[in-house]
1. Answer yes if at least one residue in segment 105-113 is touching a residue at least 40 places away in the same chain (Cβ under 8 Å) and farther than 19 Å from Cys40 by Cα, and no otherwise.
2. As an exercise: evaluate Val121 against (1) in a loop (DSSP other than H, G, I, E, B); (2) at pLDDT 95 or above and give the number of the one condition it does not meet.
3. Just to confirm my filter: which helices (runs of 4 or more DSSP H) fall fully inside segment 15-88 and include at least 3 residues that are among the small types (Gly, Ala, Ser)?
4. Which ones in segment 41-89 are within 24 Å of Asp124 (Cβ to Cβ) and among the aromatic types (Phe, Trp, Tyr)?
5. Taking Asn97 and the conditions (1) outside any loop (DSSP other than H, G, I, E, B); (2) of a type in the set (S, T, N, Q); (3) open to solvent by 40 Å² or more (accessible area, probe 1.4 Å), which numbered condition does it fall short on, given that it satisfies the others?
6. Go through Ser127, Ser134 for me and flag whichever is exposed (fewer than 14 other Cβ atoms within 10 Å of the Cβ), part of a loop (DSSP other than H, G, I, E, B) and of a type in the set (Ser, Thr, Tyr).
7. Please verify whether segment 60-80 includes one or more residues that are buried (at least 17 other Cβ atoms within 10 Å of the Cβ), within 19 Å of Gly156 (Cα to Cα) and of a type in the set (Val, Ile, Thr).
8. Determine if segment 140-163 includes at least one residue that is in a loop (DSSP other than H, G, I, E, B), modelled with pLDDT of 90 or more and among the hydrophobic types (A, V, I, L, M, F, W, C).
Amino acid sequence: MNMKAAQGTVFRFGDNIDTDVIIPARYLNSSDPKELATHCMEDIDKTFVDKVHEGDIIVADKNFGCGSSREHAPIAIKAAGVSCVIAKTFARIFYRNAINIGLPIIECEEAANDIKAGDEVKVDFDSGLITNISNGNTYQGQAFPEFMQKIIASEGLVNYINNK
């Protein structure tokens with residue numbers, strides 16, 4: 001996966017998508033990313049795992065990833081093939097867990113307001129620039145600091161520390 005940019009088709013979700021929706025609690029007996037991926041978002045969109053492709057992007061409204069502090073949620077999203085999550089805001093613990101496991105996430109209210117399901121979107125992690133290829137609009141999201149880019153490029157904090 002290219003860690004300088006992401007490009008894919010958008011799956012759209014609303015406010016307060018909690019970790020129980022991202023990966024239902026009944027599947028938490030597994031920590032295998034491939035197994036978790038097969039149940040990602042199933043309680044809100046039964047067809048998500050059948051339609052998502054490597055590189056696709058989730059766009060959501062406020063407070064994405066609220067609820068429990070489980071790392072299973074960003075792991076399930078990443079393992080399902082999602083290259084980036086864009087939202088108006090993220091729950092803080094989800095934000096930290098996503099970075100810790102190497103899932104790029106970016107806050108940008110303007111992008112979240114304008115991007116529709118099915119749009120083709122590109123995200124440049126160096127600049128934070130989000131481009132909606134489908135309608136030509138661009139939005140300025142928060143760029144990742146260099147150390148966070150290194151954690152993401154290493155596929156997570158543990159790998160980053162082990163590589164140092």
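1. Scanning segment 105-113 turns up at least one residue that is touching a residue at least 40 places away in the same chain (Cβ under 8 Å) and farther than 19 Å from Cys40 by Cα.
2. (1) is the only condition that Val121 fails.
3. Output list reads 72-79.
4. Phe64 - this is the single residue of segment 41-89 that is within 24 Å of Asp124 (Cβ to Cβ) and among the aromatic types (Phe, Trp, Tyr).
5. Here Asn97 clears every test but (3).
6. Ser127
7. yes
8. So far as segment 140-163 goes, no, none of its residues is in a loop (DSSP other than H, G, I, E, B), modelled with pLDDT of 90 or more and among the hydrophobic types (A, V, I, L, M, F, W, C).
The values are calculated or read from the model by the stated rules, or taken from the named source; none is laboratory data. All figures in this text were calculated on a predicted structure; none of them were measured in a lab. Ideal geometry is used to build each Cβ from the backbone, glycine not excepted, and the neighbour counts take in all protein chains shown. We work out accessible area using only protein heavy atoms, side chains counted, and drop any ligands, DNA or RNA first. Shrake-Rupley method; radii C 1.70, N 1.55, O 1.52, S 1.80 Å.
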